[in-house]
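> Structure in C-alpha cells, see below.
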Amino acid sequence: MSDARLYLITPSSFNLYDFAIELQNALEGGDVASLQLRMKESYDEDIIKAARSLMPICHAKDVAFIINDRPDIAQKVGADGVHVGQDDMNYKEAREILGPDKIIGVTCKDSKHLAMTAGEQGADYVAFGAFYPTPTKITTSVAHPSLLTWWQELFEIPCVAIGGITVDNATELANAGADFLAICGGVWDYKDGPKQAVHDLNQAIK
C-alpha cells in the first residue's frame, strides 16, 4: 500500500482556454496533490496569464499550484511555490524571493549528493529522474527506482519521481518509495483522456 500522490505537469505550450477545461476535467478523475505550470519558452506575460487562469481551478480542488523556474512570477501571482532545476536559480535565491512559507522543490536528477545538499538547504521536496524515456525534455540522467528507496529510508523530506511515468509503470515507482509522481504526457496524452488517466493512475498507485 503506497501513499504516493500525483503531481501533474502542464504541457510546455497549450491553448489556455482549452487547457483550462482539460485541467478541470482531469482534476475530476481523482486525487491530485499539485500542478506545476511549466512554460519554459513562453513570455512572462503569458506565464502570468496562464497562472491566473489555472491557479483558481487548482485551488478549488485543494491542489497546490507550483510554477517552474520562476520564483519572481510565483511571488507575483501568489502561487503556492516554485520548482527549480539545477540550471535555474539556486534554492537560496528562490527562498529569498518567496519567503519562508512557500514550497520550493529542487531537481536532483540521479544524484544522491545533489539531493542531500538540497535537503540540507531546506528544500520542501527533492525530485529524482528521469526514470523512463520522456518526450517532454532532453534526458540528461537516468535514475533507478532504488534511489527512491534509499532516500525514503534515510530522509523525511518528500521525494518526487519524474520522467516518462505512465499508468503502466507508476506502480513500480510508488512501491519503490516515491511520495509524488510527476507526470505530463502520461496524463495529457492518455488514450482515454486526462480524467481517466488521473483515475487509472490513482488505482495503479494505491
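Bear in mind these aren't lab numbers, they're just calculated from the coordinates by the rules spelled out. What you see is a predicted model; the values in this text were computed from it and never measured. Cβ coordinates were reconstructed from backbone atoms using ideal geometry, including for glycine residues, and neighbour counts include every protein chain displayed.
> What GluC sites (Glu not before Pro) does the range 132-206 have in DSSP loop regions with at most 15 other beta carbons within 10 Å?
Filter output for the range 132-206: Glu156.
> Please rank Ser111, Ser13, Ser34, fewest neighbouring Cβ atoms within 10 Å first, as an exposure proxy.
Ser13, Ser111, Ser34
> On to the next question. Between their Cα atoms, which of Lys40/Lys109; Lys61/Lys206; Lys109/Lys206; Lys61/Lys102; Lys49/Lys102; Lys76/Lys112 are more than 27 Å away from each other?
Lys76/Lys112
> In addition: With an 8 Å cut-off on Cα pairs and a minimum separation of 6 or more residues, tell me the relative contact order of the range 5-205 in percent.
With pairs under 8 Å counted, the relative contact order is 22 percent.
> Just to confirm the filter: which chymotrypsin sites (Phe, Trp or Tyr not before Pro) across the range 1-106 are DSSP coil and have at most 11 other Cβ within 10 angstrom of their Cβ?
Hits after loop and neighbour filter: Tyr43.
> In addition: With +1 on each Lys and Arg Cβ and -1 on each Asp and Glu Cβ, and nothing else charged, work out how big the dipole of the range 5-205 is about its Cα centre, in Debye to the nearest 20.
120 debye
> Something else: R0 = 30 Å: FRET efficiency of Asp72 with Asn15, Cβ-based, nearest 0.05?
Calculated value: 0.75.
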